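Structure record follows, encoded as structure tokens.
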Amino acid sequence: MLKDKIVFISGASSGIGEAAAVRFAKEGAILIICARNLEKLDALKEQLVKDYGVEVHTYKLDVRDKKAINSVFESMPERLKNIDILVNNAGLAQGLEKVQEEDMEDFDVMIDTNIKGLLYLTRKVVPIMINNGRGHVINIGSTAGIVAYPGGTVYCATKAAVKFISDGLRMDVVDTPIKVTNIQPGMVETNFSVIRFHGDKEKADAVYEGIEPLTAEDIADVILYTASVPAHVQICEVTVTPTHQATAGVVHKEKVSK
Ligand code: 8X3
């Protein structure tokens, strides 16, 4: 059912975005994958073409840049613009400091990427979907958007925004066949924490010590499921955590002997 569907994934060069690209490729979808790192995207494209024989298009894109989004769409062949599924995955956490101590640059990066970038892409793609009479927007939210946790103030706020953008958009398109899903993962071991801690791998590893976290593939499976249900079924929201995580900040960890 996903064969030859056109799937646009932002932040596809690693983590959940990359895993989602692999998962959709397995189903024979046509992929448009975007990220800031074109080299990584091209390597992923090569692998997907080789492994699944699918059509893949790569675009260097920073979703914070409205002009760059416009250029991507201007340079895209007309046929490809008929996006069936938009996976708004690009997003990040930067820093784990108290708001009164945090670098203001971190605020900008998170707000501009997680909220504004997601909105720009949505604004660009949803009119096409409405015009075509089909489409599905899948946003990657977070358990951090349900409850705040210490040090996560701005990140949590951006993911709460993703929840309310998803809820509001669902209302805005309620009289159309367009579906809107917000997937809210808990702890997923990707390069998420490495980025949060500005490259400090040791600090990042400690986050997942003593608990078996989710993998990017676990979330890709959920994304694929929400995209595979019949046209009259809309999965509004899915929250997924490791078994030993109840919600953001409530985690059971086994003691790790060193
Ligand atoms: C990632 C979940 O709890 O690490 O969005 O912030 S958490």
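The values are calculated or read from the model by the stated rules, or taken from the named source; none is laboratory data. Computed from a predicted model, the values in this text were never measured in an experiment. All Cβ positions, even for glycine, are placed from backbone atoms using ideal geometry, and neighbour counts span all protein chains on display. Note: accessible area is taken over every heavy atom of the protein model, side chains too, but ligands, DNA and RNA are not part of it. Shrake-Rupley method; radii C 1.70, N 1.55, O 1.52, S 1.80 Å.
Considering only region 193-217, how many residues are under 19 Å from the mean Cα position of the chain (by Cα) and open to solvent by 60 Å² or more (accessible area, probe 1.4 Å)?
The qualifying residues number 2.
Cβ-Cβ below 6 Å, separation at least six or inter-chain, first residue in region 232-258 and touching a residue at least 60 places away in the same chain (Cβ under 8 Å), second open to solvent by 60 Å² or more (accessible area, probe 1.4 Å): which pairs?
The qualifying pairs do not exist here.
Considering region 173-198 alone, what residues qualify as being more than 14 Å from the ligand (Cβ to nearest atom) and at pLDDT 95 or above?
V173, V174, D175, T176, P177, I178, K179, V180, T181 - these are the residues of region 173-198 that are more than 14 Å from the ligand (Cβ to nearest atom) and at pLDDT 95 or above.
Within region 37-51, can you find the residues that are of a type outside the set (S, T, N, Q) and either in contact with a Cys (Cβ under 7 Å, 6 or more places away or on another chain) or surrounded by fewer than 17 Cβ atoms within 10 Å (Cβ to Cβ) (or both)?
Matches in region 37-51: L38, E39, K40, D42, A43, E46, V49, K50, D51.
Do we find a residue being open to solvent by 50 Å² or more (accessible area, probe 1.4 Å) and farther than 14 Å from T181 by Cα anywhere in region 135-143?
Looking through region 135-143, none of the residues is open to solvent by 50 Å² or more (accessible area, probe 1.4 Å) and farther than 14 Å from T181 by Cα.
Being among the basic types (K, R) and crowded, with 17+ Cβ neighbours inside 10 Å, is that true of even one residue in region 177-189?
yes
Counting only residues that are under 17 Å from T239 (Cβ atoms) and open to solvent by less than 50 Å² (accessible area, probe 1.4 Å), which one in region 161-172 is nearest to the ligand (Cβ to nearest atom)?
Per the stated criteria, the residue is V162.
Does region 87-118 hold any residues that are within 15 Å of A35 (Cβ to Cβ) and outside any helix (DSSP H, G or I), and which are they?
V87, N88, N89, A90, G91, L92
Within region 114-128, which residues are in contact with a Lys or Arg (Cβ under 7 Å, 6 or more places away or on another chain) and either without any contact (Cβ under 8 Å) to a residue 40 or more places away in the chain or open to solvent by 60 Å² or more (accessible area, probe 1.4 Å) (or both)?
Selection gives K116 alone.
Would you list the helices (runs of 4 or more DSSP H) that sit entirely within region 161-258 and hold 1 or more residues that are over 23 Å from V147 (Cα atoms) and among the small types (G, A, S)?
Output list reads 216-228.
Among the residues of region 193-212, is any basic (K, R) and more than 23 Å from C156 (Cβ to Cβ)?
There is at least one residue in region 193-212 that is basic (K, R) and more than 23 Å from C156 (Cβ to Cβ).
How many residues does region 25-59 hold that are farther than 16 Å from V125 by Cβ, touching a strand residue (DSSP E or B) at 6+ places or on another chain (Cβ under 8 Å) and touching a residue at least 40 places away in the same chain (Cβ under 8 Å)?
Count: 1.
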